[in-house]
Structures are given as C-alpha cells and as structure tokens.
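Structure record follows, encoded as structure tokens.
Values in this text are rule-based calculations from the coordinates and carry no lab data. None of the values given here were measured: they were computed from a predicted structure. Cβ sites come from the backbone with ideal geometry, for glycine too, and all protein chains shown count toward neighbours.
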C-alpha cells in the first residue's frame with residue numbers, strides 16, 4: 001500500500017475496501033468526490049439505457065456505467081470514474097469481463113456535467129481520456145441541454161437539444177436527439 005511518500009498504483013486502488021463514497025485516483029493520490037445529485041444520476045441512467053439498448057440490440061460491445069474505472073495514466077497512476085463508457089467487441093471481446101481495471105481504454109466515454117463541475121476540471125479530465133486513447137468523449141450538460149463532442153485533433157462540436165447525437169464510426173446508426181438524454 002502507498003505511504004505518504006509513495007504513489008498508489010491502479011492495482012492497489014482497485015483492491016481497497018469500498019469507502020462508501022466516490023473516489024478517483026489522480027496521479028497516484030486518492031481524491032474524494034461528492035455523491036452525484038439525482039439529476040446527474042437520471043441523465044447517466046438515461047444515457048446508459050439509450051446507448052446500452054442500442055448496443056445490446058446490435059450485439060456490438062459493452063456499455064458500462066456507475067463510474068467504472070478507466071486507467072488514464074501510469075507512473076503515477078490515474079483512474080477516472082467514467083459516468084458511461086462503450087467498449088466495442090473489437091477492443092474488448094464478448095463475454096464476462098475480467099476482475100479489476102482493464103488494460104485498455106474504452107472507445108467512447110460520456111461524462112455528465114454536474115451543477116458544481118467547473119469546465120476547466122471537465123476539460124482536464126476529458127483530455128486525459130483522449131490522451132490515453134479514447135476515440136470520443138461526450139460531455140452532456142443538463143443546463144442548457146447540450147452535448148459537447150470531443151475527438152483528438154479535432155475542434156469540439158456542440159449540439160443543441162434538437163440536434164441528433166451520432167457517432168457513426170463507433171456506434172453505426174445510433175441517432176438520438178440530445179434532449180432525450182435529459183427527459
């Protein structure tokens with residue numbers, strides 16, 4: 001286990017007892033997070049259902065939620081809790097998932113902006129995902145019902161409530177009006 005002068009590894013972080021509240025590992029140090037608000041949880045749940053039902057119906061991959069750990073850095077290690085993420089079967093084969101954190105990053109991560117989230121912190125986290133190899137990061141902002149789509153080496157796209165969110169290179173014909181994530 002890490003001491004005051006050592007950094008904790010992702011593997012050590014994964015085997016700790018559940019403290020009963022959300023945490024992430026950021027550059028080897030544990031960072032406590034406040035529990036999500038009901039609105040945040042509803043948007044995450046809705047996103048998981050919309051994306052998960054689509055992915056299950058087409059049998060193309062895994063959709064994970066509930067702050068599933070994604071290792072975005074090593075030495076010192078960083079483990080971020082993705083609100084919702086997608087792994088294609090090409091990246092993570094069909095079947096039972098292994099115990100512990102995966103040695104691969106998801107194809108897509110969805111983060112839901114909470115009322116107290118600062119954009120600079122969100123941008124730092126999404127850049128960690130992109131730098132680690134995630135192909136697409138979507139930030140859903142409940143107020144004012146917007147989706148922000150980030151890809152490496154591309155300008156971000158902002159979608160309004162009536163725009164359709166699509167990710168054809170990863171999710172084929174998945175099309176959802178942005179407002180549906182917030183209903």
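Numbers at a glance
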item: Nearest-0.05 FRET efficiency for residue 97 and residue 169, computed from C-beta distance (R0 35 Å); result: 0.90
item: Nearest-ten-degree value, helix 119-132 long axis tilted from longest Cα axis of the chain; result: 80
item: Degrees, to the nearest 10: 38-58 long Cα axis against longest axis of the chain; result: 70
item: Full-extension gain in nm, residue 59 to residue 29, via 0.36 nm per residue minus C-alpha separation; result: 7.1 nm
item: Computed over segment 57-98: relative contact order in percent, which uses C-alpha pairs under 8 Å that are six or more apart; result: 43
item: Approximate spin-label separation residue 154-residue 66, in nm, with each point projected 7 Å along Cα-to-Cβ; result: 3.2
item: Segment 1-76 and segment 130-161: distance between their alpha carbon centers, rounded to Å; result: 19
item: Mean Cβ count within 10 Å, highest first, over the residues of peptides 18-26, 49-57, 123-131; result: 123-131, 49-57, 18-26
item: FRET efficiency, residue 39 to residue 90 (Cβ-Cβ, R0 25 Å, nearest 0.05); result: 0.15
item: Relative contact order (percent, whole number), segment 34-182, Cα cutoff 8 Å, 6+ residue spacing; result: 18
